[in-house]
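Engineer: Let me begin by handing over the structure; questions about it come next.
The values are calculated or read from the model by the stated rules, or taken from the named source; none is laboratory data. All values derive from a computational prediction rather than experimental measurement. Cβ placement follows ideal geometry from the backbone for every residue including glycine, while neighbour counts extend to all protein chains displayed.
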Amino acid sequence: MATVETRALTKSFEADNAVDGIDLLVKEGEFLVLLGPSGCGKTTLLRMLAGLETPTSGDVLIGNKVVTWLPPRARNIAMVFQSYALYPHLSVSKNIAFPLNAVGMHGHEVATKVDEAASMFGIKHLLHRKPRQLSGGERQRVALARAVVRNPVVFLLDEPLSNLDAKLRTSARDELQQFQRRLGTTTVYVTHDQVEAMGLGDRIAVLNKGRIHQLGTPLDIYNDPADTFVATFIGSPPMNLMEADHTLLGFRPEHFLPHDVFGADRDVTPFPFTVTRIEHLGADRLIYGTLEAPNPAVKVISRLPSTIPMPIETGTRYEFAVRTANLKHFDRETGVKRAGAGT
Amino acid sequence: MSSAVAQPRAAKSHTPWLDDELRLGRILLAPTVIYIIALVGFPFLLAIFYSVSDATVGSTSLHFVGLHNYKMIIEDPTFWRSLRNAIVFTVVSQVLVVVLGKILAMALYKDFPGKWIVRLLILLPWVAPISLSSIAWLWIFDPVYSIINVSARALHIIGPNTWPIWLGQPDLAMASVILVDVWRLLPLATVIILAGLSAIPQDIHDAAQVDGAGFWRHLFMINLPLVMPIMLVALLFGIVFTFTDLIVVYVLTRGGPFDTTQVIASYAFFTGVEGGDLASGAAISLFLFPVLVAVAIVFLTMAKRAEVT
């Protein structure tokens, strides 16, 4: 168990800063998710924590010790790769035993630890198999078992679920969180999938272009985005944005509902709009449309739960509204949330 | 509707000539089959035929002599010496080629400025015609002008009055021949092993590093086992090229001194072509056959295993 810290960490590839002066503190036992679109620098950041990439400037600290120039093997960390990176020529048990052998452990002790790790992930029956004889889900468990076997102080996970099919991913997510809670090991988890990030993270760091745009709990990030990048990156469909009085006004699709739904509530802002398309998703309807005057003609989306069975047709104008408290205000130039406004 | 039914029938009766897969397959295979029969099969059968005859260069008559030629060869000490030399030549040079090829491939695998020019330079010995480069080596090993002797003397490695005759002293001659063969086959082995190294995903190397493997553990537990299959391919190529090679020996030493660098291929050539005794030459060269069959079997087994997995 240890803290992980970066100080003004920067990595440049040629002219570009893939990671641009990041200051981050991961608390002991915390599950921190690095979330961002591809190319945002999240994997480079993780690889620098692992020691697989040397920073251009700045420092990495693990357990309050500067490890910037230490090789990966001197950091007592474990990493799970997107491809799992199992050693194809070694059996499952030898794969799991590899980190133990590397620290000079032999014989009975290795066998006991491998056995422990294997039963933790329910793969004891696979120990004699080769990686190519395993399914995707089994490979992922082997990779996790190999990571936990020598009790590292930090887990680094690089999109470990993205190679699983959608059904398996949900259960794998659940198991992953359970075992992290049980071991209490500090974990840094990289993903581009906001559902994974929201579901797993104690805190989420939203990255774009090598910088952290917001660091906070999943609810903070969803309910109170720090800027328009976070507002539009998190949430599916993303937050609606429109210009009004020199600011950007944002509201989530699930807050954008027919005026009647709010009943007697007076504190709502009306947004009349014309429907252009409707998607039926079962639990909700997604209603695409264009705002009407006095607002600018911006494309917006409403997410209407199926509990509101109001008939809606394309080409028709409807009176929709948003509770004023749910309106977010951003600076028009910088996109940064305006202090004190809209909350 | 009617046209849709009629179409397949029309297509069947008018299949264009080259669209018949069976016929096209035979046509495409024919050049290879003809080539193998003409340049491999026919000479092989001819060699068997000669080896049981008394054929000589310049004589038009042929008599069947049974296994007489083989009996003579087995009683010939030079043949046994050639066989021993061929095995030493092949084993020593291939051990060196595989080890050096692996080291070189690992060095070239890393990124560094000017990598492509180094790769080009390393490939040069392979693309240069072996007969020409062997002549260059002949000068390098020349007793009087040898650049090796000049350099060694300048560096005081050898005394002013020592004159190593690289191609004239038995031990040095074998070492020289092996050196040239290694020099020639190293590029091919390096490129093959480099391809094998590049095929290992970077994640595997990263995982090994994070899992705590140092250089040697990484090399022996991860790197070597993963390139082993492709190194075997390089080795088998090397064995075939070296065991059957006569150019290096022919140009550098002509088998001398006192047959200490004579190998089966060169002995067969000197006996059969330069000595005119076609029958004995054919019989000697047929002793290459079992070794090449063994190599071929290993090759085919590997190819089959590669297909299965």
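Engineer: Looking at (1) at positive phi; (2) assigned to a strand (DSSP E or B), can you tell me which one A:Leu24 breaks?
Structural biologist: A:Leu24 satisfies every listed condition except (1).
Engineer: Residues A:Ala78, A:Ala117: which one is under 18 Å from A:Leu183 (Cβ atoms), part of a strand (DSSP E or B) and within 14 Å of another protein chain (Cβ to nearest Cβ)?
Structural biologist: Being under 18 Å from A:Leu183 (Cβ atoms), part of a strand (DSSP E or B) and within 14 Å of another protein chain (Cβ to nearest Cβ) holds for just one of A:Ala78, A:Ala117, which is A:Ala78.
Engineer: Then there is this: So, A:Ala143, is that one part of a helix (DSSP H, G or I), within 12 Å of another protein chain (Cβ to nearest Cβ), among the aliphatic types (A, V, I, L, M) and surrounded by 18 or more Cβ atoms within 10 Å (Cβ to Cβ) or not?
Structural biologist: yes
Engineer: Restricting to segment A:84-118, name every residue that is surrounded by 19 or more Cβ atoms within 10 Å (Cβ to Cβ) and of a type in the set (Ser, Thr, Tyr).
Structural biologist: A:Tyr84, A:Tyr87, A:Ser93
Engineer: Residues that are within 8 Å of chain B (Cβ to nearest Cβ) and at negative phi: does segment A:65-72 have at least one?
Structural biologist: Within segment A:65-72, one or more residues are within 8 Å of chain B (Cβ to nearest Cβ) and at negative phi.
Engineer: Any chance you could count how many residues in segment B:278-294 are surrounded by 21 or more Cβ atoms within 10 Å (Cβ to Cβ) and not polar (S, T, N, Q)?
Structural biologist: Total satisfying the criteria: 6.
Engineer: Here is a list: B:Leu252, B:Leu172. Which entry is more than 11 Å from every other protein chain (Cβ to nearest Cβ), touching a residue at least 40 places away in the same chain (Cβ under 8 Å) and of a type outside the set (Lys, Arg)?
Structural biologist: B:Leu252 is the lone residue from the list that is more than 11 Å from every other protein chain (Cβ to nearest Cβ), touching a residue at least 40 places away in the same chain (Cβ under 8 Å) and of a type outside the set (Lys, Arg).
Engineer: Quick check, is B:Leu108 at pLDDT below 90 and at negative phi?
Structural biologist: Taking the combined requirement at face value, the residue satisfies it.
Engineer: Condition test on B:Glu274, is it more than 30 Å from A:Val142 (Cβ to Cβ), of a type in the set (Asp, Glu) and at pLDDT below 85?
Structural biologist: Against the criterion (more than 30 Å from A:Val142 (Cβ to Cβ), of a type in the set (Asp, Glu) and at pLDDT below 85), B:Glu274 qualifies.
Engineer: Hey, can you tell me all the residues within segment B:268-309 that are within 18 Å of the chain's Cα centre (by Cα), within 15 Å of B:Arg81 (Cα to Cα) and in contact (Cβ under 8 Å) with a residue 24 or more places away in the chain?
Structural biologist: Residues satisfying the conditions are B:Ser285, B:Phe287, B:Leu288.
Engineer: Which of the residues spanning segment A:96-114 are in a loop (DSSP other than H, G, I, E, B) and within 14 Å of chain B (Cβ to nearest Cβ)?
Structural biologist: A:Val103, A:Gly104, A:Met105, A:His106
Engineer: While we're on this one: Kindly provide the set of residues from segment B:49-70 that are of a type in the set (A, V, I, L, M), out of contact with any strand residue (DSSP E or B) (no Cβ under 8 Å at 6 or more places or on another chain) and within 11 Å of B:Ala279 (Cβ to Cβ), ordered by number.
Structural biologist: Passing the criteria: B:Ala55, B:Val57.
Engineer: Further question on the same structure: If we keep just the residues of segment A:267-304 that are of a type in the set (Gly, Ala, Ser) and assigned to a strand (DSSP E or B), which is nearest to A:Ala321 (Cα to Cα)?
Structural biologist: Only one residue fits best here, namely A:Ser302.
Engineer: Would you please name the residue that is surrounded by the fewest Cβ atoms within 10 Å (Cβ to Cβ), looking only at residues in segment A:51-81 that are of a type in the set (A, V, I, L, M, F, W, C), under 15 Å from A:Glu5 (Cα atoms) and within 25 Å of the chain's Cα centre (by Cα)?
Structural biologist: Looking at residues that are of a type in the set (A, V, I, L, M, F, W, C), under 15 Å from A:Glu5 (Cα atoms) and within 25 Å of the chain's Cα centre (by Cα), I get A:Leu61.
Engineer: Scan segment A:33-63 for residues that are within 14 Å of another protein chain (Cβ to nearest Cβ) and at positive phi and report the count.
Structural biologist: Qualifying residue count for the region: 1.
Engineer: Take segment B:258-309 and flag every residue that is more than 21 Å from B:Thr242 (Cβ to Cβ) and in a loop (DSSP other than H, G, I, E, B).
Structural biologist: Selection gives B:Phe258, B:Gly275, B:Gly276, B:Asp277, B:Thr309.
Engineer: Here is a further query. Of all residues in segment A:192-207, which are part of a strand (DSSP E or B) and of a type outside the set (Val, Ile, Thr)?
Structural biologist: Hits for segment A:192-207 are A:Arg203, A:Ala205, A:Leu207.
Engineer: When residues of segment A:208-262 are filtered for being in a strand (DSSP E or B) and either closer than 16 Å to A:Gly289 by Cβ or not acidic (Asp, Glu) (or both), how many remain?
Structural biologist: Of the residues in segment A:208-262, 18 are in a strand (DSSP E or B) and either closer than 16 Å to A:Gly289 by Cβ or not acidic (Asp, Glu) (or both).
Engineer: Determine which member of the set B:Ala199, B:Ala189 is in contact (Cβ under 8 Å) with a residue 24 or more places away in the chain, of a type in the set (Gly, Ala, Ser), within 14 Å of another protein chain (Cβ to nearest Cβ) and out of contact with any Pro (no Cβ under 8 Å at 6 or more places or on another chain).
Structural biologist: Details: B:Ala189 fails: within 14 Å of another protein chain (Cβ to nearest Cβ).
The conditions single out B:Ala199.
Engineer: Looking at the structure I just gave you, is A:Val92 more than 14 Å from every other protein chain (Cβ to nearest Cβ), more than 27 Å from A:Val4 (Cα to Cα) and either touching a Ser or Thr at 6+ places or on another chain (Cβ under 6 Å) or of a type in the set (A, V, I, L, M) (or both)?
Structural biologist: The answer is yes for A:Val92.
Engineer: Okay, moving on. Give me the residue from segment B:207-239 that is of a type outside the set (Val, Ile, Thr) and in contact with a Phe, Trp or Tyr (Cβ under 7 Å, 6 or more places away or on another chain) and, out of that set, farthest from the other protein chains (Cβ to nearest Cβ).
Structural biologist: Going residue by residue through segment B:207-239, those that are of a type outside the set (Val, Ile, Thr) are B:207-209, B:211-221, B:223-226, B:228-229, B:231-232, B:234-238.
Okay, now just the ones that are also in contact with a Phe, Trp or Tyr (Cβ under 7 Å, 6 or more places away or on another chain), so B:207, B:211, B:236.
Numbers: B:Ala207: 4, B:Asp211: 4, B:Leu236: 20 Å.
Out of the qualifying residues, it is B:Leu236.
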